[in-house]
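Enquirer: I'd like to ask some things about the structure below.
Please treat every number below as a calculation from the coordinates, not as lab data. Since the model is a prediction, treat every value here as computed from it, not as a measurement. Backbone-built Cβ (ideal geometry, glycine too); neighbour counts: all protein chains shown.
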Amino acid sequence: MTASPAEVGYEFPPVTFDVTKEMIRQYAEASYDFNPLHLDEGWMENAEFGHTQYGGVIAHGLMTYSVVGRMITDVVYPLGGWHERCEMRFTAPVRPGDTITTTGRVTHVRRLGDDVLYAAAVEARNQDGTVVEKGDAMGRVPAA
Amino acid sequence: MPPTETDYWKDEERRATWDDIEVGVSRATKPVTLTLEIIQDYARAIGDLNPLYFDEEYARASRFGGLIAPPTIHVPLMFLATETTDWMRTPGTVNCGQNWYYRRPARPGDVVSLRAQALDKVFRKDRLFVIHDNVFTDAGGQVLCAGRGWTMRPR
């Protein structure tokens, strides 16, 4: 396994977390996002979104997106680097009871001054392998 | 936590619908003092106990020179910087995706300002979408981060 995000093929150590209603509530309070989409089970059982019925509360998309950020900063901060950009589409709902795993793999690098900029494909999947979020991240680490 | 309205149904009738949302017009915002409490509550909520957010001695010795906030601190900052009548609070708003560029870390004590607007809006089949963009700056006017979100709107 390649040792640093400065190299194509580097894989960020995955992060796995269990989604519970308590975690969603804690995230709502910490983010000040009290959208009933995430908190009101009774309302969510019947509410329709476009032609989608979620059937129950779902987690904030930015919660999983933030864990992707943590997966990256856990690596790049100790290396003296910086998590510079992250773009993700929220492709499937995340529900209480899900186990989510975030992954990332460097696909391209370029040199910029004293740094190596990396581009990484990033993803979050649930326990069934369904991709719940997908996108790319960009950052930098000092060149060796 | 700072006092904040947790009932998103309150003021719903005063919020702009998709029909009303004006592209290119700034959303009303107010400056936010980013406290250590906000930072650490948020870090804990995403399971991130990085010492740069919690250990003052460690952070002071680091290249950051002091405690910083996680990159995604823009999430609570957006809600704290906007009014209860802001259309991002419409119940049932679904987040379809986000992209954010992180320029500098936010720090405890920063007074953060938000420039925000709807950048675009579109309907596809029966679904209503708004693309909104946000730029956060510190008290010196330096950009902390800038980002864009796609939301599907219930109305």
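Enquirer: Would you tally the net charge around A:Asp74, using a Cβ to Cβ cut-off of less than 14 Å, leaving A:Asp74 out, and scoring K and R as +1, D and E as -1?
Expert: In short, -1.
Enquirer: Under a Cβ-Cβ cut-off of 14 Å, what is the net charge of the residues other than A:Ile58 that fall near it, where Lys and Arg count +1 and Asp and Glu count -1?
Expert: Every neighbour counted, the sum reads -4.
Enquirer: Ignoring everything except DSSP H segments at least 4 long, calculate the 222 nm mean residue ellipticity for chain B; use -39,500 (n - 2.57) per segment, divide by total residues, nearest 500.
Expert: For chain B, the value works out to -4500 deg cm²/dmol.
Enquirer: To continue, here is another question. How big is segment B:95-155 along each principal axis, measuring the range of its Cα positions in Å and listing the largest first?
Expert: Largest first, segment B:95-155 extends 44, 16, 15 Å along its Cα principal axes.
Enquirer: So if each residue of separation counts as 0.36 nm, and I subtract the Cα-Cα distance between B:Asp19 and B:Glu57, what length gain in nm does that give?
Expert: 8.5 nm
Enquirer: Would you mind calculating the gained length between B:Ala139 and B:Asp11 on full extension (0.36 nm times residue separation, minus the Cα-Cα distance), in nm to one decimal?
Expert: On the way: separation 128, 0.36 × 128 = 46.08 nm, distance 2.98 nm.
Answer, rounded to one decimal: 43.1 nm.
Enquirer: In whole Hz, what ³J(HN,Hα) sequence does segment B:117-125 give by Karplus (6.51, -1.76, 1.60; θ = phi - 60°), x for Gly and Pro?
Expert: 7, 7, 8, 6, 8, 7, 10, 10, 6
Enquirer: If each of B:Thr4 and A:Ala121 carries a label point 7 Å out from its Cα toward its Cβ, how far apart are those two points in nm?
Expert: Modelled inter-label distance: 3.5 nm.
Enquirer: Just B:Arg89, B:Arg15, B:Arg124 to compare: in a GNM of chain B, with alpha carbon springs under 10 Å, which one fluctuates most?
Expert: Sorting by GNM fluctuation, first place goes to B:Arg124.
Enquirer: Label points 7 Å out from Cα along the Cβ direction at B:Arg44 and B:Lys30: separation in nm?
Expert: 2.6
Enquirer: Using only Cα atoms, what is the ratio of the radius of gyration of segment B:6-151 to 2.2 N^0.38 Å?
Expert: Computed over Cα atoms of segment B:6-151, the ratio equals 1.13.
Enquirer: Which pairs break 29 Å Cα to Cα here: A:Lys21/B:Lys125; A:Lys21/B:Lys10; A:Lys21/B:Lys121; A:Lys134/B:Lys30; B:Lys30/B:Lys125?
Expert: Table pairs above 29 Å Cα-Cα are A:Lys21/B:Lys125; A:Lys21/B:Lys121; A:Lys134/B:Lys30; B:Lys30/B:Lys125.
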